[in-house]
Structure formats: C-alpha cells, structure tokens
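Structure record follows, encoded as structure tokens.
No value in this document is a laboratory result; all are computed from the given coordinates. Here the structure is a predicted model, which means the values were calculated and not measured. Here the Cβ positions follow ideal geometry from the backbone for every residue, glycine too, while neighbour counts run over all protein chains shown.
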Amino acid sequence: MLIDMHTHSSGISGCCQLNAFEIVEAAKEAGLDGIILTNHYDSEGHQDYGSKADYVENYIKEYYEAKACGERVGLKVFFGIEVTAEFMERIHLLVYGVAEDFLRNNPELYNLSLKELYELVHKNGGVLVQAHPFRHNCPVLDTDYLDALEINCHPLYKTTHYEDVKAGALKGGVMLTCGSDYHGDTYRAFCGVCFPEDVRTIEDISQYIKNSSQITLKVHEVDGISENRVYNK
Ligand SMILES: [Zn+2]
Ligand SMILES: [Zn+2]
C-alpha cells in the first residue's frame, strides 16, 4: 500500500493550488493507494479565522471533505497535521496518528517546544516527524524528540537531500518517511511509503513508524523516476 505522507489542499493551505477533491483525484490518477492530508497549521491561520475554534473546525472539515472524495474515487485519506513551529524559523513538524479531537484540545500546537510537542503527540498515540530537513538550511532537530525524518520530494526544491537526511536518521536511530509535499504544481512527485498490506489505518501507520526497524520508501528525485529504497534503522 503506497501512501503519500505529506499533501496539502487549498481550503486550509492557501499556498496550495488544488482543492480537496482535486488533490484526491491527482493522487488517485498518479496510482497511489492513499494520502495523509497534512495541511499547514500555524499561528497565521488562527489570525485569519479570528477564533481558534473556527480555525480548528475548518481544518478538520477540510479533512472530512478530502476523505469523502477519497471514498468516491477509491483512495484512502488519512488525517495528519503539518505544524509550523514557532521555536525556530522554517521548522515544520508532521503529526500522524492522532484523532481530530487532539487539535480541539490543543489548539496552540505551534507554541510548544519540540519536547513538549513530542510528548503531547505520544501521549495521544501519535508520532512526530520532522518535515523536509535541510530545506532552507534547516538543521536536523534533536532526534530524542522525533520518531522519523522525512525525505521530501517536493519538485520545487531540486533535491530530496536523501543522503543527508538518511545519515541524520541513522545517527539519531530514527525512521525515515517520504512524501511529495504536493501543492498542485505542474508535476506530481510519485512517492511515499510502501506499507505492508496489514497496515490499513492511521493508527497502524503510526505504530509501524514507531515500532519497525525497516521501511520501504518510494523516492522521487527531481526529474527522475520513482524508485524503491529500503531503509534500516
Ligand atoms: Zn513544510
Ligand atoms: Zn507541506
């Protein structure tokens, strides 16, 4: 089961060109089995909506729209979050495996330190993954408070930094994940994580990241073909 671990839709991520239906259709056409919708979640979003509660409810509603589209076309859509951290510039953290209520109960995720966010996500059964390390020279954060580092195949950024991210993950003893960070550009990166058939739910996905020592990524280098790479923690 090939899952793109990092996608956006325009209803919440203003920088994205495709709406919830279009992103689902694009993923289905690309041949994926599923996507995790990881819209941006940040303090600016809260300012745009006026109230925290409105922002959170719209954020969750966008996921349910994508999920309903997925059910129509035969694509699994899972709930995820890409938090823009306030503790360091340009740091984005992916949260997988938490229920939507997690956001209702903790609307100011962006204000937490890495350790606080990690502990909160774990307490709620999820995992925390650093998105696109090395983009804009962002360092690998403290891997004591991360479950994985991401290989990001966003076509705008010319490189996935595969070797550097892999070296960082090996050094920290954490997993790797992979996602397109698809924003509706003219080119779709066909990539993600190839999960075994018995991994079916977002809880399965987060447990797999937490407990496995090996993972198979489908990595799409810019202008290259997608290829499977096996990573051993
Ligand atoms: Zn990001
Ligand atoms: Zn993103």
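If you take the beta carbon distance between Tyr157 and Asn106 as r and set R0 to 41 Å, what does 1/(1 + (r/R0)^6) give as a FRET efficiency, to the nearest 0.05?
Values: r = 30 Å, r/R0 = 0.73.
About 0.85, to the nearest 0.05.
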Calculated diffusion of the stretch 67-169, Stokes-Einstein form, Kirkwood radius summed over Cα pairs, 20 °C and 1.002 mPa s, µm²/s: 146 µm²/s
What is the percent of Cα-Cα separations in the stretch 88-140 that go past 18 Å? 30 percent
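Please list, by residue number, every one of the GluC sites (Glu not before Pro) in the stretch 134-199 that is coil in DSSP and has at most 15 other beta-carbon atoms within 10 Å.
Glu197
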Taking the chain as a whole, which cysteines find no other cysteine Cβ under 4.7 angstrom from their Cβ? Cys15, Cys16, Cys69, Cys138, Cys178, Cys194
In square nanometres and to one decimal, what's the mean projected area of the convex hull around the Cα atoms of the stretch 1-58? 4.1 nm²
Distance cut-off 28 Å, percentage of C-alpha pairs in the chain lying past it: 22 percent
Proximal lysines to Lys61, defined as alpha-carbon separation beneath 18 angstrom and excluding residues fewer than eight positions away on the same chain: Lys52, Lys76
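Taking the Cα centre of the chain as origin, sum charge times position over the Cβ atoms of Lys and Arg (+1) and Asp and Glu (-1), and report the length of that vector in debye to the nearest 20.
460 debye
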Too long for a 20 Å Cα-Cα cut-off, among Lys67/Lys123; Lys166/Lys218; Lys166/Lys233; Lys67/Lys218, are Lys67/Lys123; Lys67/Lys218
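Ignoring everything except DSSP H segments at least 4 long, calculate the 222 nm mean residue ellipticity for the chain; use -39,500 (n - 2.57) per segment, divide by total residues, nearest 500. Display every interim value, and only then the final one.
Working: 7 runs with 76 residues, N = 233.
-10000 deg cm²/dmol, from helical runs alone.
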Can you work out D for the stretch 179-223 in µm² s⁻¹ from Stokes-Einstein, where Rh is the Kirkwood radius over C-alpha pairs, the temperature is 20 °C and the viscosity is 1.002 mPa s? 177 µm²/s
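Summing Lys, Arg as +1 and Asp, Glu as -1, what charge do residues with Cβ under 12 Å from the Cβ of Val56 carry, Val56 excluded? Show your work: numbers first, answer last.
Values: positive: Lys52, Lys61, Arg104; negative: Asp54, Glu57, Glu62, Glu100, Asp101, Glu108.
After counting each charged neighbour, the total is -3.
Using packing as a proxy for protection, rank 108-117, 54-63 so that the peptide with the highest average count of other Cβ atoms within 10 Å comes first.
54-63, 108-117
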Go through the stretch 123-232 and name the trypsin sites (Lys or Arg not before Pro) that are in a DSSP coil and have 11 or fewer other Cβ atoms within 10 Å of their Cβ. Lys158
Hey, what did the chain get for relative contact order, percent, Cα under 8 Å, at least 6 apart? 20 percent
